[in-house]
Amino acid sequence: MKKLALQVAILSGLTGIATSAAAEDSLNVVSWGGAYTASQTKAYHEPWTEKTGVKVVNIDKSQNGLSGLRAQVESGNVTWDLVDILPSDAIVACDEGLAEPLDHDALLAPAPDGTPATKDFLAGSLSECFVPSIVYSNIVAYNKEMFDKAPTKIQDVFDLKNFPGKRSLQKKPINNLEWALIADGVPASEVYNVLGTEEGVQRAFKKLDTIKDSVIWWEEGAQPPQLLADKEVAFASAYNGRIFNAAVNEDQPFDIIWDGQVFELDGWVVPKGKMAKVKDYLRFATDPQRLADQAKYISYGPARNSSAGMVTTHADTGIDMKPHMPTYGPNFATAIPKDDEFWADNGDELAQRFNAWLAQ
């Protein structure tokens, strides 16, 4: 019996060592799931595992990334090694001490020509604890079969005479107020300055009044492509990746109006205490080539300037991906960076006013 007990103890000890070793040879990476995580797996995770032998474990919890990170840090049991998160949540995580501050130029790879990371990532995209990986956009798309003349600008969405038909817009003030001001003649660069005034808010709602009776409001991201496909609407606001997927992979007759796109960032924070474990992977996953490679699998633009010229073709269809990137030159000409600080300060009030306007 003593011999058996000794063998069990030895095996238990070996199992513990093996489990510990396995943990060291894996990274728990939190992201959004679906096609987005699949693009990360192909562009970053699998090449990293091939290079180092370290396995990447995907955890689809980014929808609650901030609250999950807070709970882990407060409990003293941080099992997440890297978290894909929105910039606004990254700021909160940093302020609360949940995420590691980043020395961007020391930590991140330079551009191929030696340009430091802080000069290569899109201007204003880096924050103290955050490094972006992709740019995605809120755009307006249309069904090409419903128009003889193709719409090309946001003003056309508000032009019921020349471009008749129903519109579908997301049931929230964000993006709609910005587009209303652009349609009313406000330059993209001045939208938030105008929207920050009472006169600007009234002006935006007045412009929305002109199409209100022709709008079908959506709340789930899958709705706009379906409404367009069924020809229930001629225009629909949507996430650019959804429209790309419908047009390219499902052969739907959709096109995007890139004018006035409201673009957003998505990227990484390092949970408290995890820097040593993930710093090499983070440098690899955010280098210019890896961000360009991700665009083979999904139509989100890389967050580095030097990556743009490295974007090639879609992995499955072989089409040129450059024209489908939010950051592609012509697409980006009138782009609006979503102002997270503005919406953090004014979002609740404007949501109340928007809902009251809807009820009128």
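Given a 1.4 Å probe, how much area per residue of segment 52-179 is accessible, in Å²?
With all protein chains present, segment 52-179 gives 44 Å² per residue.
At a 1.4 Å probe, what is the % contribution of carbon and sulfur to the accessible area of segment 141-190?
It is 46 percent, rounded to a whole number.
From the list (i) 16.6; (ii) 18.9; (iii) 22.2, can you say which value of mean projected area of the Cα convex hull in nm² was derived from the structure given?
(iii)
Averaging over all projection directions, find the projected area of the Cα convex hull of segment 113-255 and quote it in nm² with one decimal place. Don't skip to the end; give the middle numbers.
Working: hull surface 45.0 nm².
Averaged projected hull area, Cα only: 11.3 nm².
Ignoring ligands, DNA and RNA, what percent of the accessible area of segment 265-356 is carbon or sulfur (1.4 Å)?
C and S fraction of accessible area: 47 percent.
Note the full-extension length gain between M275 and K206 as 0.36 nm times their separation in residues minus their Cα-Cα distance, in nm to one decimal.
Details: separation 69, 0.36 × 69 = 24.84 nm, distance 4.97 nm.
Separation in residues times 0.36 nm, less the Cα-Cα distance, equals 19.9 nm.
Nearest 20 debye, what's the magnitude of the dipole of the chain about its Cα centre given +1 on Lys and Arg Cβ and -1 on Asp and Glu Cβ?
Here the size comes out at about 800 debye.
Return the Cα extents of segment 55-169 along principal axes one, two and three, sorted largest first, each rounded to a whole Å.
Principal-axis extents of the Cα atoms in segment 55-169, largest first: 60, 40, 31 Å.
Using alpha carbons only, how many degrees (0 to 90, rounded to 10) separate the axis of helix 65-75 from the longest principal axis of the chain?
With both axes taken from Cα atoms, the answer is about 30 degrees.
Around S67, what is the net charge, scoring Lys/Arg as +1 and Asp/Glu as -1 over all other residues with Cβ under 13 Å from its Cβ?
Cβ neighbours under 13 Å give a net charge of -1.
In square nanometres, what is one fourth of the surface area of the convex hull spanned by the alpha carbons of segment 68-117?
The number I arrive at for segment 68-117 is 4.3 nm².
Taking only the alpha carbons of segment 110-193, what extent do you get along each of the three principal axes, in Å, biggest first?
Extents along the principal axes, in whole Å: 52, 30, 23.
Give me the percent of Cα-Cα pairs in segment 187-257 that sit more than 13 Å apart, rounded to a whole number.
Within segment 187-257, distances greater than 13 Å cover 71 percent of Cα pairs.
Any idea of E250's accessible area? Nearest 10 Å², probe 1.4 Å.
Number for this one is 110 Å².
Could you tell me how many degrees, from 0 to 90 and to the nearest 10, lie between the Cα long axis of helix 2-24 and the main elongation axis, the longest principal axis, of the Cα atoms of the chain?
Helix 2-24 sits roughly 30 degrees off the main axis of the chain.
Springs between alpha-carbon pairs under 10 angstrom, Gaussian network model over the chain: which of V56, V311, V269 fluctuates most?
Of V56, V311, V269, the Gaussian network model singles out V56 as fluctuating most.
Going highest first, how would you order 292-298, 217-223 by mean Cβ packing within 10 Å? Kindly include the intermediate steps, with their values, before the conclusion.
Values: 292-298: 21.7, 217-223: 13.0.
Going by the mean number of other Cβ atoms within 10 Å, highest first, we get 292-298, 217-223.
With each run of n ≥ 4 DSSP H residues scored as -39500 (n - 2.57), what mean residue ellipticity at 222 nm is computed for the chain after dividing by its residue count and rounding to the nearest 500 deg cm²/dmol?
Values: 17 runs with 148 residues, N = 360.
Calculated at 222 nm, the ellipticity per residue is -11500 deg cm²/dmol.
Angle check, please: helix 275-285 long axis (alpha carbons) against the longest principal axis of the chain (alpha carbons), in degrees 0 to 90, nearest 10.
The angle comes out near 50 degrees.
The values are calculated or read from the model by the stated rules, or taken from the named source; none is laboratory data. Here the structure is a predicted model, which is why all the values come from computation and not from measurement. Here the Cβ is made from the backbone with ideal geometry for all residues, glycine too, and neighbour counts use every protein chain on show. Heavy atoms of the whole protein, side chains included, go into the accessibility calculation; ligands, DNA and RNA do not. Shrake-Rupley method; radii C 1.70, N 1.55, O 1.52, S 1.80 Å.
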